[in-house]
Structures are given as structure tokens and as C-alpha cells.
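Beneath this line is the structure, given in C-alpha cells, with notes to follow.
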Amino acid sequence: MRSESVRLLKTLPHPCGYYPDRVAQNLVIDPLAADLPEVYQLALSRGYRRAGGHIYRPACARCSACVPARVAVAEFAPTRSQRRCLRRNSDLSFADAPARFDDEVFNLYRRYLAARHRGGGMDEADRDDFGRFLTSAWSPTRFFEYRLGGHLLAVAVTDVVRHGLSSVYTFYEPDETARGLGTFCILHQVAECRRRALPYVYLGYWIDGHPKMGYKQNFQPLELLHGQGWERAAIAGRPATDPEQTA
């Protein structure tokens, strides 16, 4: 990212979404910059992330825990557990749909937040919150939708760029936890990358040891962005079984 190309703004300090005793700040690319879709293509590969119409990256004064993470698609092979997850969900149909407000999608989103994030500030989302968080007028966003018969079970909000797919957020039917829908959605994004000949699935930020991030180490080879560039992760420990995709 070249500073002479776009302005970088820094947010005011705000409570960290991962550690309640920490303060966070973000670098944000000027939302009025010309040709944001093209800027985003490069920014994603440099560790930035999209939330609504903003392209940001953590820039905290006393913490560097958030590390950009992506899956190297060409070398990915599902684990035994992931193959079972694929079989459990082989009865689902898939649709690559436009990003939009839709009552069915919004109702699923609200049910998911009420079940998984009750009392966390997100569980009272309204129509405007939905749009501000997941979509923007300029972003290359699709809703990957998964159904059982005609019933919508999961939506993976996915940005499609030249060098991969960015997993922005996934929400799913809270009564279907046995299916492992969060894991399944990432596995399907990997499969879609292969089908489209794209090299990476971007998974947002990895925080070593954080319980909400454990699922990301299930998807190997995982690459992390450090000062020297993207490097293969050497991560130990038992991962979580199903992602919430909150980062």
C-alpha cells in the first residue's frame, strides 16, 4: 500500500472486540478515495479487511495480536473431520447470490446473532446495521447461500477479488449446530476458489490462543502476514470445531 496513492486515517481509541481490558485502533483507507474496488484488491493482499464500506487494518499502540491469515488453496487437503463435515452437508444446495437486503437473509442473520452473540451489542441489529456491516455500494460482495430444500440454512458473505475470496462473515441456522455449517462454508469457499482458479481464501485476522480464532488452524496450509511477508503458520494446539467468523 503506497501512502502517496491513498490517504490512511487512524481511528480514535475504542474498546477491543477480543480483549475487554485492551484498547484498539485501526488504520482506515480514506473511504472517499477514488476507485476503492481497485484499491481493495491490493489492500486485501497487504493485510487489510473490509467492514461495510471501510477498508481497515488493526494498528493498536500496545498490541499486535491480530495477524492477517489466508488459506493456500492449491495445497489444501481436508482433514478426516472436514471430510465428515462435507458428507453431513452434501444434501445442501448452493446459490451464488447478489449482496442485498432480503427478509429471509436478514431474519436468519438476526436469529444467528441472538443465539451466538446475545448481550454483545450485535444482537439487536436492524436493517441499517445489516447493510452497514456486510455490504457497500462499491464492494465485490456476493452472498453464498446454502439451502436444505427451500429453507435457507447458511449465508457466507464473500468478497470476490482477482487473487481469491475473502470470507467477510458467515451466519447460519443456530438450531443446526451439528452440521458444522461454519466449517462447511469455508470448505466450500476453498472449493469455489479451486473452481475459479483463485489461489487464496482470506480468513481475516488470527489471534494466537484466542478461543474465537482456533478454527482457523484447521485450514492448512495457513499463511500469516508478518513484516517479512506472508509465511506458513506453525500453530500448535487443538482448534475449535466450528467457526463464528467474527474477524
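The values are calculated or read from the model by the stated rules, or taken from the named source; none is laboratory data. Since the model is a prediction, treat every value here as computed from it, not as a measurement. Glycine also receives a Cβ, built like all others from the backbone with ideal geometry; neighbour counts cover every protein chain displayed.
Out of all the residues in the range 62-73, which are in contact (Cβ under 8 Å) with a residue 40 or more places away in the chain, of a type in the set (Gly, Ala, Ser) and under 16 Å from residue 19 (Cβ atoms)? First the steps, then the outcome.
Start the filter on the range 62-73 by keeping residues that are in contact (Cβ under 8 Å) with a residue 40 or more places away in the chain, which leaves 62-63, 65-73.
Then drop every residue that is not of a type in the set (Gly, Ala, Ser), which leaves 65, 69, 72.
The answer is 65, and nothing else.
Do any residues in the range 85-105 that are closer than 22 Å to residue 127 by Cα have Cβ atoms under 6 Å from those of residues that are of a type in the set (Phe, Trp, Tyr) and not in a loop (DSSP other than H, G, I, E, B), where the two are at least six apart or on different chains, and which pairs are they?
97/143; 99/143
In the range 82-98, what residues are part of a strand (DSSP E or B) and either of a type in the set (Lys, Arg) or in contact with a helix residue (DSSP H, G or I) (Cβ under 9 Å, 6 or more places away or on another chain) (or both)?
Going through the range 82-98, the residues part of a strand (DSSP E or B) turn out to be 93-98.
Scanning the range 82-98 gives 94, 96, 97.
Among the residues of the range 150-159, what is the count of those that are surrounded by fewer than 17 Cβ atoms within 10 Å (Cβ to Cβ) and either touching a residue at least 24 places away in the same chain (Cβ under 8 Å) or touching a Gly at 6+ places or on another chain (Cβ under 7 Å) (or both)? Outline the logic, then answer.
From the range 150-159, those surrounded by fewer than 17 Cβ atoms within 10 Å (Cβ to Cβ) are 150-151; that's our starting set.
Pick out the ones that are also either touching a residue at least 24 places away in the same chain (Cβ under 8 Å) or touching a Gly at 6+ places or on another chain (Cβ under 7 Å) (or both) and you get none.
Selection size over the range 150-159: 0.
Out of the range 66-97, which residues are closer than 21 Å to residue 220 by Cα and under 17 Å from the mean Cα position of the chain (by Cα)?
66, 67, 68, 69, 70, 71, 72, 73
Give the residues of the range 37-63 that are in contact with a strand residue (DSSP E or B) (Cβ under 7 Å, 6 or more places away or on another chain) and not in a loop (DSSP other than H, G, I, E, B), sorted by residue number. Write out each step before concluding.
The first filter runs over the range 37-63 and keeps only residues in contact with a strand residue (DSSP E or B) (Cβ under 7 Å, 6 or more places away or on another chain), leaving 39-41, 43-44, 47-50, 54-60.
39, 40, 41, 43, 44, 49, 50, 54, 55, 56, 57, 58, listed by residue number.
Taking interchain pairs and intrachain pairs at least six residues apart, which have beta carbon atoms under 8 angstrom, with the first residue in the range 128-144 and farther than 22 Å from residue 34 by Cα and the second modelled with pLDDT of 90 or more and part of a helix (DSSP H, G or I)?
If the second residue must be modelled with pLDDT of 90 or more and part of a helix (DSSP H, G or I), the pairs left are 130/106; 130/109; 143/105; 144/185; 144/188; 144/189; 144/192.
Conditions (1) loosely packed, with under 12 Cβ neighbours inside 10 Å; (2) closer than 21 Å to residue 137 by Cα; (3) out of contact with any Pro (no Cβ under 6 Å at 6 or more places or on another chain); (4) modelled with pLDDT of 95 or more, marked per residue:
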site	(1), (2), (3), (4)
1	no, no, yes, no
10	yes, no, yes, yes
18	no, no, yes, no
24	no, no, yes, yes
28	no, yes, yes, yes
32	yes, yes, yes, no
36	no, yes, yes, no
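Among 187, 153, which is the only one that is modelled with pLDDT of 95 or more and either assigned to a loop (DSSP other than H, G, I, E, B) or within 15 Å of the chain's Cα centre (by Cα) (or both)? It would help to see each step written out before you state the result.
On the way: 153 fails: either assigned to a loop (DSSP other than H, G, I, E, B) or within 15 Å of the chain's Cα centre (by Cα) (or both).
Going through 187, 153 in turn, the sole match is 187.
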